[in-house]
Amino acid sequence: MSGKKYSEATKLIDPQKEYNLSEAIDLVKKTNPAKFDATVEAHLRLGVDLSAPEQTVRGVVDFPHGTGKIKKVLVFAEGEKEKDAKAAGADWTGSDDLIKKIEDGWLDFEIAVATPEMMPRISKIAKILGTKGLMPNPKSGTVTPEIAKIVAAIKKGRAEFRMDALGIIHQAIGKVSFSQEQLEENLISLIKAVTAVKPATVKGQFLKSLSVTSTMGPGIKINLQSLKF
């Protein structure tokens, strides 16, 4: 991407203005300076107490239109649960064989799911998975007896979100090639999912600011008051 293309894109945006949802999505498509089908990202700043561990925000969102990327799913399961996982579209399934493979350095997957009974055995590779953000966790729904259901949801468009150290959630919501309606519906789904896991101890305004951008494009602010859901 050249600086000229980015400069031209920024001319379409008033940096002081907060746009309504439709205007913002329209602009994020128009201001994409990349030649490839760029990812559209949402950046949501939360009004949380960063020093309070109980106010860490994380959860999952089921995007109605996916994000444009099919994730590689690994499942730790045995017997019928392993068969269910394969039928639901899991890329890799197994138990001790996968644990050994990961111990040897293999990590060619993006999400790991496990049945509850597998967790004691997975604990031996918890540090390896944890440092990569791949450890199955009940809070994100990736430790569950309903293996087929969660694998199908992930393949369809489920994503895990978590705020960073500054209290901001950065989340892909689709591709520039998505329709206006698809991107709007995906963004609303994310906001609903984040709002649903608002910590009980949060005081004041929970959603502080929201902006969208394409991978290499300029940020576009959205007026939170204009959102209706």
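The values are calculated or read from the model by the stated rules, or taken from the named source; none is laboratory data. Please read all numbers here as calculations on a predicted model, not as lab measurements. Ideal geometry is used to build each Cβ from the backbone, glycine not excepted, and the neighbour counts take in all protein chains shown. Just the protein is used for accessible areas: all its heavy atoms, side chains included, with ligands, DNA and RNA removed. Shrake-Rupley method; radii C 1.70, N 1.55, O 1.52, S 1.80 Å.
Assorted remarks:
- Filter pass, GLU184 being of a type in the set (Asp, Glu), assigned to a strand (DSSP E or B) and either touching a His at 6+ places or on another chain (Cβ under 8 Å) or touching a residue at least 24 places away in the same chain (Cβ under 8 Å) (or both): no
- Residue match in the stretch 203-223 (condition: farther than 24 Å from ASP14 by Cβ, in contact (Cβ under 8 Å) with a residue 60 or more places away in the chain, in a loop (DSSP other than H, G, I, E, B) and not charged (D, E, K, R)): yes
- Among the residues of the stretch 15-41, those that are closer than 13 Å to ASN223 by Cα and of a type in the set (A, V, I, L, M) comprise LEU21, ALA24, ILE25.
- Yes/no for GLU117 being among the acidic types (Asp, Glu), open to solvent by 20 Å² or more (accessible area, probe 1.4 Å), part of a helix (DSSP H, G or I) and closer than 30 Å to LEU166 by Cβ: no
- Residue within the stretch 157-176 that is closer than 25 Å to GLU78 by Cβ, assigned to a strand (DSSP E or B) and open to solvent by less than 40 Å² (accessible area, probe 1.4 Å) present: no
- Residue list for the stretch 127-137, restricted to those being outside any loop (DSSP other than H, G, I, E, B) and either closer than 18 Å to GLU160 by Cα or in contact with a helix residue (DSSP H, G or I) (Cβ under 9 Å, 6 or more places away or on another chain) (or both): ILE128, LEU129, GLY130, THR131
- Verdict on ALA152 being under 29 Å from PHE76 (Cβ atoms) and either among the aliphatic types (A, V, I, L, M) or part of a helix (DSSP H, G or I) (or both): yes
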